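Peer 1: Got a structure for you, written out below as structure tokens; questions coming shortly.
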Amino acid sequence: MCGIIGFTGNIQAKNIIIDGLERLEYRGYDSAGLALLNNGRINVMKKTGKVADLRKLCENAELSGTCGIGHTRWATHGGVTDVNAHPHRCGQVVLIHNGIIENYKQIISEYGLADKLMSETDSEVVAALLDTLYDGDPIKAIKKTVNVLSGAFALCIMFQDIPGKIFSIRNVSPMVATSCEKGSIIASDLTALIEFSKDYFVVPEYHILTLSKEGIDIIDMKGNEVKPEILSVNWDIASAQKGGYPFFMLKEIYEQPDAIRNTVTPRVSQGLPDFTEDGIDDSIFTDCERICVVACGTAMHAGMVGKHLIESRLRVPVQVEIASEFRYKNPIMDSKTLTIVLSQSGETIDTLEALKLAKSMGSKVLSIVNVKGSTIARESDYVLYTHAGPEIAVASTKAYTVQIAAMYLIAARMGLVRKLIDEKSTKKFIINLINASNIIEETLKSANNIKRVANHIKLAPDAFYIGRGLDYTMSLEAALKLKEISYVHAEAYAAGELKHGTIALIAENVPVIAFATQEDVYGKVISNIREVKARGAYVVLVSMDEKVDDVAICDQHIRIPKLDSEFTTFATSVILQLIAYYTSEAKGLDVDKPRNLAKSVTVE
Ligand code: F6R
């Protein structure tokens, strides 16, 4: 949450910073600001609203300088106001911050900083503290400051009397950096860096970086010089642009066939699942007695699909935990529990802390992560990278389906090495999994039909998704997606559960979207549909066949390709994503940046 960027080099920094902020905007869009250091002066421009508003503000201003920092905010401490926007200035110091300083109140009173502060933010307290401790030696002041701070922080700092330099340090909150012939650049994530170089490094925690146009120096807290590990990105700038789509979310929905292909095919050898290249030791699958899946939001829903699959195919018990709850429930974990962590960003703080807790209790951790070199990836015993490419829209789509695909791969490998499923059946399963890309391509052809459904839903205050078995787990994701980007209140119910209370909410025209893709419970879901239809619901049936009688009871029918029940998840994913997308679009909302949200939740 919050996007930060710093650039110092041979060319003007203003546009580099604003362009970078636009790419980082998915991390927070309450306000945006920048500061440019030029001739011993620092100009600060900041404003509530989107980066586009900041761009306008800066258009006519006299802003020059080859060294600057910028920030796009997701508010935590203090409301969405101009004064709370970053950068924060105090005396000689101007800084931007991502994270939360837990002891900011204590620092204010201990160092008598109250009179120096203008905003309500914890971040400005860091600027005030730094200014208080600064005596001309930036490294000394930064060291002293971070020794006082508790909490998560990624800081980029400029001192008015130090030309051309940006200082940076972090704890937990992510930052990556690179240098090239244009200069040195640091940012919250790669989307802002990729234009400059495909090589980058993850900023090590509690190390002080000094960025100048010549390059980046890194020292540890004892002053020793440190050489970072250089990583390489395997996607390009085009992946982080809309490419003709009106919103990133639609583009990312359409990228799913490729994302799945890129994630699955490198892990298939002679028709069988193979994690040799990932360095994943089969012993984690054979030695465990149970699995604990930990994640948040959409990633957790992908974990629920995995649970269903592993339990039904392998009879290995799987529990799925909301990461933020897991941490405080005194969980039962041991060395016989394999923890599977799912995270697109690899930075979600609750998931990260849950991972650390699981590890400390003796559990081996296998994470499914999309962002290379992210903190969760680095903290895990083993990583299965998904290859979805950058996901920019706040609402997760392609990262979800590749997480599901990764869970299918794990289920297949685990079944094989535990000798629960023979090679022939595993090969058949893998053929079906590879076919998931085609399933998605086929389902995307229903887009126009889905638009009609969205036109009905957009008028409703509430909507319900129902299903049984795997379809119930898809309903959970469907309801989250609809709420998140269209602001239509939506609930997911196990279809058989409605009559135990919730059916009281079904009245004339209330949309009920029923997933009926599971062969073993198909008839039961149809009965549940009849129950809601009898009470006036507007029913959308999602199923494989056009069984005339069943379709006749519905107001709309969305057909999915004929598939084994285990693989309908890929078709249903596309449908639930497009329903949410088109509803949001029909309401004229900013699909990619839903209110109050930000990508990558790095606060607890
Ligand atoms: C919803 C969504 C979130 C994320 C959740 C976890 O569309 O994107 O629910 O799934 O915040 O994020 P990651 O996967 O980055 O850990």
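The values are calculated or read from the model by the stated rules, or taken from the named source; none is laboratory data. Worth saying up front: this structure is predicted, and the values here are computed from it rather than measured. Cβ coordinates were reconstructed from backbone atoms using ideal geometry, including for glycine residues, and neighbour counts include every protein chain displayed.
Peer 1: Has the stretch 74-84 got at least one residue that is of a type in the set (A, V, I, L, M) and surrounded by fewer than 18 Cβ atoms within 10 Å (Cβ to Cβ)? First the steps, then the outcome.
Peer 2: Going residue by residue through the stretch 74-84, those that are of a type in the set (A, V, I, L, M) are 75, 80, 83.
Next, only the ones that are surrounded by fewer than 18 Cβ atoms within 10 Å (Cβ to Cβ) stay: 80, 83.
Yes, the stretch 74-84 has at least one match.
Peer 1: Kindly provide the set of residues from the stretch 191-232 that are over 17 Å from CYS180 (Cβ atoms), in a loop (DSSP other than H, G, I, E, B) and under 26 Å from the mean Cα position of the chain (by Cα), ordered by number.
Peer 2: If the condition is that a residue be over 17 Å from CYS180 (Cβ atoms), in a loop (DSSP other than H, G, I, E, B) and under 26 Å from the mean Cα position of the chain (by Cα), then PRO204, GLU205, TYR206, GLU229 are the ones that fit.
Peer 1: Output yes when any residue across the stretch 516-524 is surrounded by 15 or more Cβ atoms within 10 Å (Cβ to Cβ), among the acidic types (Asp, Glu) and in contact with a helix residue (DSSP H, G or I) (Cβ under 8 Å, 6 or more places away or on another chain), and no when none is.
Peer 2: no
Peer 1: Checking ILE404 against (1) part of a loop (DSSP other than H, G, I, E, B); (2) within 14 Å of the ligand (Cβ to nearest atom); (3) modelled with pLDDT of 95 or more, which single condition isn't satisfied?
Peer 2: (1)
Peer 1: Working carefully through the options VAL371, VAL293, find the one that is part of a loop (DSSP other than H, G, I, E, B), aliphatic (A, V, I, L, M) and within 13 Å of the ligand (Cβ to nearest atom). Even if it seems obvious, please write down each step before you answer.
Peer 2: Values: VAL293 fails: part of a loop (DSSP other than H, G, I, E, B).
Criteria check complete, one pass: VAL371.
Peer 1: Looking only at residues in the stretch 337-368 that are part of a helix (DSSP H, G or I) and of a type in the set (Val, Ile, Thr), which one is nearest to the ligand (Cβ to nearest atom)?
Peer 2: Among those residues, the one meeting the criterion is THR351.
Peer 1: Return only the number of the condition from (1) touching a helix residue (DSSP H, G or I) at 6+ places or on another chain (Cβ under 9 Å); (2) without any contact (Cβ under 8 Å) to a residue 60 or more places away in the chain that ASP53 does not satisfy.
Peer 2: (1)
Peer 1: Between SER312, SER239, which is away from the ligand (no atom under 16 Å from the Cβ), closer than 18 Å to ILE430 by Cα and among the hydroxyl-bearing types (Ser, Thr, Tyr)? Break it down into steps so the answer makes sense when it comes.
Peer 2: Details: SER239 fails: closer than 18 Å to ILE430 by Cα.
Step by step, each of SER312, SER239 is checked, and only SER312 is away from the ligand (no atom under 16 Å from the Cβ), closer than 18 Å to ILE430 by Cα and among the hydroxyl-bearing types (Ser, Thr, Tyr).
Peer 1: Any residue in the stretch 568-591 that's on the phi > 0 side of the Ramachandran plot: show its pairings with residues that are modelled with pLDDT of 95 or more and not in a helix (DSSP H, G or I) at Cβ separation under 7 Å, as long as the two are six or more apart or on different chains.
Peer 2: none
Peer 1: Same structure, new question: Looking for something within 16 Å of the ligand (Cβ to nearest atom), out of contact with any helix residue (DSSP H, G or I) (no Cβ under 7 Å at 6 or more places or on another chain) and in contact (Cβ under 8 Å) with a residue 24 or more places away in the chain - is there at least one such residue anywhere in the stretch 329-336? Write out each step before concluding.
Peer 2: Restricting attention to the stretch 329-336, the residues satisfying the condition of being within 16 Å of the ligand (Cβ to nearest atom) are none.
Within the stretch 329-336, none of the residues are within 16 Å of the ligand (Cβ to nearest atom), out of contact with any helix residue (DSSP H, G or I) (no Cβ under 7 Å at 6 or more places or on another chain) and in contact (Cβ under 8 Å) with a residue 24 or more places away in the chain.
Peer 1: So which residues in the stretch 25-71 are within 21 Å of MET1 (Cβ to Cβ), at pLDDT below 95 and part of a helix (DSSP H, G or I)?
Peer 2: Of everything in the stretch 25-71, those that are within 21 Å of MET1 (Cβ to Cβ), at pLDDT below 95 and part of a helix (DSSP H, G or I) turn out to be GLU25, TYR26, ARG27.
Peer 1: Quick check on ILE169: is it more than 16 Å from ALA13 (Cα to Cα), among the aliphatic types (A, V, I, L, M) and either in contact with a strand residue (DSSP E or B) (Cβ under 7 Å, 6 or more places away or on another chain) or in a loop (DSSP other than H, G, I, E, B) (or both)?
Peer 2: Working: more than 16 Å from ALA13 (Cα to Cα): yes; among the aliphatic types (A, V, I, L, M): yes; either in contact with a strand residue (DSSP E or B) (Cβ under 7 Å, 6 or more places away or on another chain) or in a loop (DSSP other than H, G, I, E, B) (or both): yes.
It is true that ILE169 is more than 16 Å from ALA13 (Cα to Cα), among the aliphatic types (A, V, I, L, M) and either in contact with a strand residue (DSSP E or B) (Cβ under 7 Å, 6 or more places away or on another chain) or in a loop (DSSP other than H, G, I, E, B) (or both).
Peer 1: Still on this structure, I have one more. Restricting the stretch 238-278 to residues that are in contact with a strand residue (DSSP E or B) (Cβ under 8 Å, 6 or more places away or on another chain) and assigned to a loop (DSSP other than H, G, I, E, B), which is surrounded by the most Cβ atoms within 10 Å (Cβ to Cβ)?
Peer 2: Looking at residues that are in contact with a strand residue (DSSP E or B) (Cβ under 8 Å, 6 or more places away or on another chain) and assigned to a loop (DSSP other than H, G, I, E, B), I get PHE275.
Peer 1: Taking the conditions exactly as written (out of contact with any Leu (no Cβ under 7 Å at 6 or more places or on another chain), modelled with pLDDT under 95 and not β-branched (Val, Ile, Thr)), does GLU325 satisfy them or not?
Peer 2: On the way: out of contact with any Leu (no Cβ under 7 Å at 6 or more places or on another chain): yes; modelled with pLDDT under 95: no; not β-branched (Val, Ile, Thr): yes.
No; evaluated as a whole, the condition is false for this residue.
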